[in-house]
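Asks: I'd like to ask some things about the structure below.
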Amino acid sequence: MTSYDYQEALKNAAKTMVRVKNPRRLLKMIVRFIVREVGLHHASILMFDQLKQRYIFVDSQGSHRIPISLVKLDHSNPLIHWFSNWEKKVKLTKDFLILEDLKAWIQDPALTGQHPTLKTKLLSLKEVMETLKATVCVPGFYKNELLGVLLLGGKLSGEPFLLEEINFFQTLANDASMTIKTAEFREDLIAKNVELEKQKQELEQRLQEIAELRKKEQETYYQIVMSLAHEVNAKDPYTAGHLQGVERLGLMTAQEMGYDMSGKRKDILVASLHLHDVGKIGIPDHILMKPGSLTDEEWKIMRQHPVKGAKILEPLTGFKEVANVVLHHHENYDGSGYPSGLKGEAIPLEARIVSVVDAFHAIVSKRCYSKGKPIEVAFEELERCAGTQFDPQVVGAFIRAYQRTLNGKYKKAKSASHKNVA
Ligand SMILES: [Fe+2]
């Protein structure tokens with residue numbers, strides 16, 4: 001090969017290396033190329049194997065090729081040691097080893113005389129090269145790491161190697177080392193990405209499981225809260241049978257007021273209408289079920305039910321606003337209610353609606369100690385307390401909606417005993 005040929009070969013090799021993703025395949029290509037184009041008895045490549053922590057032959061080609069499976073070299077091998085530790089040694093060339101140079105160094109007393117152990121090491125090196133039938137050895141480095149060694153047998157022509165040929169092998173070996181390292185980085189990166197993706201999928205699956213578990217817990221808790229509401233309903237003669245009626249009246253009033261009846265807002269209103277008295281589960285039965293008037297002390301306990309109800313609802317995700325309505329459903333429009341003494345618009349709208357329909361239902365419903373009052377009386381009572389206890393707009397909307405929407409039933413109810421009107 002001429003000098004031009006070597007340069008062309010290097011350019012072609014560089015182009016190939018950029019595309020090669022399999023380092024072992026690349027090395028085999030290099031070995032075949034050298035044997036064929038330079039005309040050698042053999043060419044072989046030793047590569048460091050990370051798993052085995054040894055240098056092993058990945059390929060050997062030519063008529064005098066080495067049985068590659070039989071040779072494995074560790075860091076103590078003279079050849080590997082020489083290239084790995086060259087900077088600590090005498091100032092001999094580090095970039096390649098030529099068997100003929102080696103023999104000359106061994107015979108040079110000026111050189112070996114200055115370094116007592118050098119001759120022994122050079123002799124060991126010579127022995128290794130001869131065993132491996134290597135005329136030239138060229139190391140491939142990535143930074144200071146010895147990745148592999150290119151071993152070349154003699155030329156078929158018997159001619160010595162030219163310096164430009166040695167330079168060509170050096171460039172090839174170092175380019176190949178860079179390519180191999182890049183491929184390793186790429187494989188490492190792909191492996192890490194695969195692992196990351198796997199971890200991400202596992203995390204997503206775990207989060208989904210947690211979300212499903214949380215949803216089930218929420219559903220169970222919601223069922224418990226609804227059971228409590230029904231238990232209160234069953235126990236308390238004041239509220240007995242009135243949840244359905246309260247819901248219907250509440251929705252009717254809200255619609256009359258132009259309340260958003262789609263989606264979440266309606267859900268909040270319906271849940272509030274059903275659950276506003278759930279806190280009564282925490283009120284002793286002798287107070288809750290007392291047929292007569294309550295004492296001041298008993299009222300004090302009874303008035304705790306909005307706070308108790310809000311606390312029961314607190315753990316339910318998505319029931320924050322419902323809990324707030326429950327907390328304030330006994331606030332009065334003029335600020336005289338409980339537990340916070342909120343006034344006017346500061347009271348949640350749903351709580352103002354609950355307040356009106358709850359009161360109306362209580363007035364017209366039959367209780368165990370008194371008959372229900374006529375609807376007209378209930379309307380008068382609501383209107384009398386509009387602006388003080390109740391939001392006047394809610395009262396107005398309630399009466400209008402009641403008279404219009406339930407007109408037929410209202411007429412029937414007027415002639416009936418006014419039991420269970422709503
Ligand atoms: Fe209440």
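Asks: Only residues that are more than 17 Å from T131 (Cα to Cα), surrounded by 12 or more Cβ atoms within 10 Å (Cβ to Cβ) and out of contact with any helix residue (DSSP H, G or I) (no Cβ under 8 Å at 6 or more places or on another chain): list them for the range 36-67, please.
Replies: Within the range 36-67, R36, G39, F48, D49, R54 qualify.
Asks: Just name the residue that is nearest to K300 (Cα to Cα) out of those in the range 343-360 that are away from the ligand (no atom under 15 Å from the Cβ) and not acidic (D, E). Explain how you work it out, then say what you get.
Replies: Initially, the range 343-360 is screened for residues away from the ligand (no atom under 15 Å from the Cβ), giving 343-346, 349.
After this cut, where a residue has to be not acidic (D, E) as well, the list is 343-344, 346, 349.
On the way: K343: 21, G344: 24, A346: 24, L349: 25 Å.
Top of the filtered list is K343.
Asks: For K290, are the conditions met, namely being at pLDDT below 90, over 24 Å from E217 (Cβ atoms) and not in a loop (DSSP other than H, G, I, E, B)? Write out each step before concluding.
Replies: Numbers: at pLDDT below 90: yes; over 24 Å from E217 (Cβ atoms): yes; not in a loop (DSSP other than H, G, I, E, B): no.
Against the criterion (at pLDDT below 90, over 24 Å from E217 (Cβ atoms) and not in a loop (DSSP other than H, G, I, E, B)), K290 does not qualify.
Asks: Just to be sure I understand, how many residues within the range 256-281 are away from the ligand (no atom under 15 Å from the Cβ) and either exposed (fewer than 15 other Cβ atoms within 10 Å of the Cβ) or in a loop (DSSP other than H, G, I, E, B) (or both)?
Replies: Let us first name the residues in the range 256-281 that are away from the ligand (no atom under 15 Å from the Cβ), namely 256-270.
When the remaining residues are screened for being either exposed (fewer than 15 other Cβ atoms within 10 Å of the Cβ) or in a loop (DSSP other than H, G, I, E, B) (or both), the result is 257-264, 267.
The total comes to 9.
Asks: Applying the selection to the range 142-159, what residues are surrounded by fewer than 19 Cβ atoms within 10 Å (Cβ to Cβ) and either under 57 Å from the mean Cα position of the chain (by Cα) or aliphatic (A, V, I, L, M) (or both)?
Replies: Passing the criteria: Y142, K143, N144, E145, L156.
Asks: Quick one: which residue in M252, M302, M261 is more than 38 Å from the chain's Cα centre (by Cα), within 28 Å of A397 (Cβ to Cβ), modelled with pLDDT of 80 or more and not hydroxyl-bearing (S, T, Y)?
Replies: None of the others qualify; the one that does is M252.
Asks: Further question on the same structure: Being away from the ligand (no atom under 12 Å from the Cβ), among the hydrophobic types (A, V, I, L, M, F, W, C), surrounded by 19 or more Cβ atoms within 10 Å (Cβ to Cβ) and within 23 Å of Q393 (Cα to Cα): is that true of V322 here?
Replies: Working: away from the ligand (no atom under 12 Å from the Cβ): yes; among the hydrophobic types (A, V, I, L, M, F, W, C): yes; surrounded by 19 or more Cβ atoms within 10 Å (Cβ to Cβ): yes; within 23 Å of Q393 (Cα to Cα): yes.
Judged against the criteria, V322 is a match.
Asks: Checking the structure you have, find out if any residue of the range 160-182 is part of a helix (DSSP H, G or I), loosely packed, with under 10 Cβ neighbours inside 10 Å and at pLDDT below 90. Before you say what the answer is, go through the steps one by one.
Replies: Step one: filter the range 160-182 for residues part of a helix (DSSP H, G or I), giving 163-182.
After this cut, where a residue has to be loosely packed, with under 10 Cβ neighbours inside 10 Å as well, the list is 163.
If we keep only those that are at pLDDT below 90 as well, we get 163.
Yes: one or more hits.
Asks: Please enumerate the residues belonging to the range 293-318 that are assigned to a helix (DSSP H, G or I) and within 12 Å of the ligand (Cβ to nearest atom). Show your work before the answer.
Replies: Initial filter on the range 293-318 (assigned to a helix (DSSP H, G or I)): 296-302, 305-313.
Passing the criteria: M302, H305, P306, V307, K308, G309, A310.
Asks: Just give me the residues in the range 305-335 being over 44 Å from the mean Cα position of the chain (by Cα) and on the phi > 0 side of the Ramachandran plot, in sequence order. Outline the logic, then answer.
Replies: Filtering the range 305-335 down to residues over 44 Å from the mean Cα position of the chain (by Cα) leaves 330-335.
Across the range 305-335, the qualifying residue is only G335.
Asks: Further question on the same structure: Give all pairs with beta carbons closer than 6 Å in which a residue from the range 95-124 that is surrounded by 11 or more Cβ atoms within 10 Å (Cβ to Cβ) and at pLDDT 85 or above meets a residue that is of a type in the set (S, T, Y) and part of a loop (DSSP other than H, G, I, E, B); count only pairs at least 6 apart in sequence or on separate chains.
Replies: Note: pairs meeting the criteria are L99/T135.
The values are calculated or read from the model by the stated rules, or taken from the named source; none is laboratory data. Please read these numbers as outputs of a predicted model, since none were measured by experiment. Virtual Cβ from ideal backbone geometry, glycine too; neighbours counted across all protein chains shown.
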